[in-house]
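Please find one structure pasted underneath; my questions will follow.
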Amino acid sequence: MPACKGGLLVLYNHISSIDDVNRAIGTHAAAQLNGALERAAEGKKRDAALYALADEYRMFVRENYELYRAIIGLPLLDEDGAAQASV
């Protein structure tokens with residue numbers, strides 16, 4: 001049996017690769033950004049909504065830069081949910 005401290009071995013039973021970890025973090029970060037943008041635009045119309053979205057997006061990136069990087073690192077998906085090849 002491999003040496004294990006805490007629940008590290010258990011983690012390996014649920015996550016097959018570092019790519020899975022990065023994908024999960026990116027998906028979580030994208031959901032947080034989406035929620036923040038929805039709240040920022042709620043109840044606003046046209047220009048006011050657009051400005052609120054831009055301000056919230058900029059603030060999210062400044063306050064959560066590493067999460068933003070995780071979003072940017074997500075693979076593009078096609079309509080069937082399969083990852084597209086990088087260009």
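The values are calculated or read from the model by the stated rules, or taken from the named source; none is laboratory data. Predicted model only: the values in this text are computed from it and were never measured. All Cβ positions, even for glycine, are placed from backbone atoms using ideal geometry, and neighbour counts span all protein chains on display.
Can you find a residue in segment 17-24 that is at pLDDT below 90, of a type in the set (D, E, K, R) and loosely packed, with under 11 Cβ neighbours inside 10 Å?
no
Name every residue in segment 50-70 that is at pLDDT 95 or above and exposed (fewer than 15 other Cβ atoms within 10 Å of the Cβ), in order of residue number.
LEU50, TYR51, ALA54, ASP55, ARG58, MET59, ARG62, GLU63
Determine, yes or no, whether PRO2 is at pLDDT below 90 and surrounded by 11 or more Cβ atoms within 10 Å (Cβ to Cβ).
no
If you go through segment 26-42 one residue at a time, do you hit one that is basic (Lys, Arg), exposed (fewer than 12 other Cβ atoms within 10 Å of the Cβ), in a loop (DSSP other than H, G, I, E, B) and modelled with pLDDT of 90 or more?
no
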